[in-house]
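> Quick one: the structure is below, and I'll ask about it shortly.
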Amino acid sequence: MSQPFPLPAPMRRALELACAAERAGEVPIGAVVVRDGAILGEGENRNRRDNDPSAHAEMVAIRAAAARLGDYRLAGCDLYVTLEPCPMCAGAISHARIARLYYGAADAKGGGVEHGARVFAHPQCHHRPEVYGGLGEPQAADLLRGFFEGKRR
């Protein structure tokens with residue numbers, strides 16, 4: 001499956017990170033934080049490797065970007081992730097003041113942005129990024145589908 005246009009470099013990198021996560025036995029999700037075209041942080045799912053339930057790709061990328069900038073506020077930054085963020089990650093995205101969120105595959109079961117909890121829609125949410133879903137969706141969905149089909153065999 002292909003997009004009608006080339007994927008931006010940060011989403012291509014997020015997909016590469018998702019593949020690396022899969023090779024390590026993790027759910028294949030990758031994330032990249034970018035500002036002004038420069039990658040500030042990147043991550044892949046590390047839950048099993050780190051024995052850390054919060055080590056989602058988005059959290060790893062946000063932590064790396066915050067450490068690099070020396071600031072927990074990531075104003076002006078964009079986050080590219082291969083799967084719709086869960087409620088935990090959506091909360092971190094809001095607290096970090098991420099400007100724009102680009103995600104690949106929707107997550108009807110565990111999503112927290114346009115499905116499920118819809119964190120950014122709550123009045124208690126103090127910062128709402130611009131959200132763009134479906135970027136690299138075919139590639140991201142294929143990775144996830146293949147991973148879970150392999151687990152069911």
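> When all C-alpha to C-alpha distances in segment 26-124 are sorted into bins of 10 Å, what percent of pairs does each bin hold, rounded to whole numbers?
Reading upward from the zero bin: 17, 52, 28, 2.
> Taking segment 19-94, which GluC sites (Glu not before Pro) meet the DSSP loop condition and have no more than 12 other C-beta atoms within 10 Å? Write out the running numbers ahead of the final one.
On the way: sites: Glu22, Glu26, Glu42, Glu44, Glu58; in loops: Glu26.
For GluC sites (Glu not before Pro) across segment 19-94 that sit outside H, G, I, E and B with at most 12 neighbouring Cβ atoms in 10 Å, the list is empty.
> Further question: Within the chain, what whole-number % of the accessible surface is contributed by carbon and sulfur, with the 1.4 Å probe and all protein chains included in the calculation?
Values: 4000 of 7590 Å².
Summing carbon and sulfur atoms, their accessible area is 53 percent of the total for the chain.
> Let me ask something else about it. Suppose every K and R has +1 on its Cβ and every D and E has -1 on its Cβ; what is the size of the dipole of the chain about the Cα centre, in Debye to the nearest 20?
220
> Roughly how much of Phe148 is accessible, in Å² to the nearest 10, using a 1.4 Å probe?
Roughly 80 Å² of Phe148 is accessible to a 1.4 Å probe.
> Considering only DSSP beta bridges whose two residues both sit in the chain, what percent are antiparallel, to the nearest 5?
The antiparallel fraction comes to roughly 55 percent.
> Over segment 1-46, one equal point on each Cα, no solvent: what is log10 I(q)/I(0) by the Debye formula at q = 0.23, 0.26 Å⁻¹?
Per q value, in the given order, log10 I(q)/I(0) is -0.78, -0.88.
> Using alpha carbon centroids, what distance separates segment 8-27 and segment 126-149, in Å?
12
> Okay, moving on. Heavy-atom accessible area per residue, segment 53-153, 1.4 Å probe: how many Å²?
48
> Could you work out the helix-only [θ] at 222 nm for the chain, with each DSSP H run of four or more residues adding -39,500 (n - 2.57) and the total divided by the number of residues, to the nearest 500 deg cm²/dmol?
-11500 deg cm²/dmol
> Next question. For segment 1-78, what is the convex hull (Cα atoms) projected area averaged across all directions, in square nanometres? List each step's numbers first, then the result.
Values: hull surface 23.3 nm².
Averaged projected area of segment 1-78's Cα convex hull equals 5.8 nm².
> Now for a separate question. Round to the nearest 0.05 the FRET efficiency obtained for Arg153 and Ala108 when R0 = 25 Å and r is the Cβ-Cβ distance.
Values: r = 23 Å, r/R0 = 0.93.
So the FRET efficiency works out to roughly 0.60.
> Taking the Cα centre of segment 107-153 as origin, sum charge times position over the Cβ atoms of Lys and Arg (+1) and Asp and Glu (-1), and report the length of that vector in debye to the nearest 20.
In total the dipole reaches around 280 debye.
The values are calculated or read from the model by the stated rules, or taken from the named source; none is laboratory data. These numbers were taken from a predicted model, which means no experiment stands behind them. When we count neighbours, we look across all protein chains shown, and the Cβ atoms used for this are built from the backbone with ideal geometry, even at glycine. For the accessible areas, the whole protein counts, side chains as well, though only heavy atoms, and no ligand, DNA or RNA atoms are used. Shrake-Rupley method; radii C 1.70, N 1.55, O 1.52, S 1.80 Å.
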